[in-house]
Amino acid sequence: MSGADAENRAPTHIVSCPTCRRSVPWKPESRYRPFCSKRCQLIDLGAWADGSHAIPGDPQWGDDGDGDPEAS
């Protein structure tokens, strides 16, 4: 069996879209993976942009708000 045949027969992994929880096959043809669609991808991006999603921890920059980490 050639490598291409083995790839075609490999089981497809299914993941849940982080936004709507629909099943998404994890393969190159799934353009927006892990999301099911461009809409879900943009909803998630918006949540990061407005601060709804955040990685917990101390802020990287000081309280002066100038964005310069060396100023702290």
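Calculate the spin-label point distance for SER16 paired with ARG39, positioning each point 7 Å from the Cα along the beta-carbon direction, and give it in nanometres.
So the two model labels end up 2.0 nm from each other.
Quick one: 3J(HN,Hα) in Hz for region 41-53, Karplus 6.51/-1.76/1.60 with θ = phi - 60°, rounded, Gly and Pro as x.
Those phi angles translate into 4, 6, 4, 5, 4, x, 5, 5, 5, 8, x, 4, 9 Hz.
If I model a spin label as a point 7 Å beyond the Cα along the Cα-Cβ vector, how far apart are those points for TRP26 and ALA47 in nm?
About 1.9 nm separates the two model spin labels.
Which value in Å is the Kirkwood Rh of region 11-52 over different Cα pairs? Walk me through the intermediate numbers first.
Working: mean 1/r = 0.0948 Å⁻¹.
So the Kirkwood estimate lands at 10.6 Å.
What is the set of long-range amide H partners of VAL15 at a cut-off below 5 Å, with H atoms built 1.01 Å from backbone N?
For VAL15, whose amide H was placed from the backbone, the distant partners under 5 Å are VAL24, TRP26.
Since every read-out is calculated from the coordinates, none of them should be taken as a lab result. Note that this is a predicted model, so its numbers are computed, not measured. Positions of Cβ are generated from backbone atoms using ideal geometry, with glycine treated the same way; all protein chains shown enter the neighbour counts.
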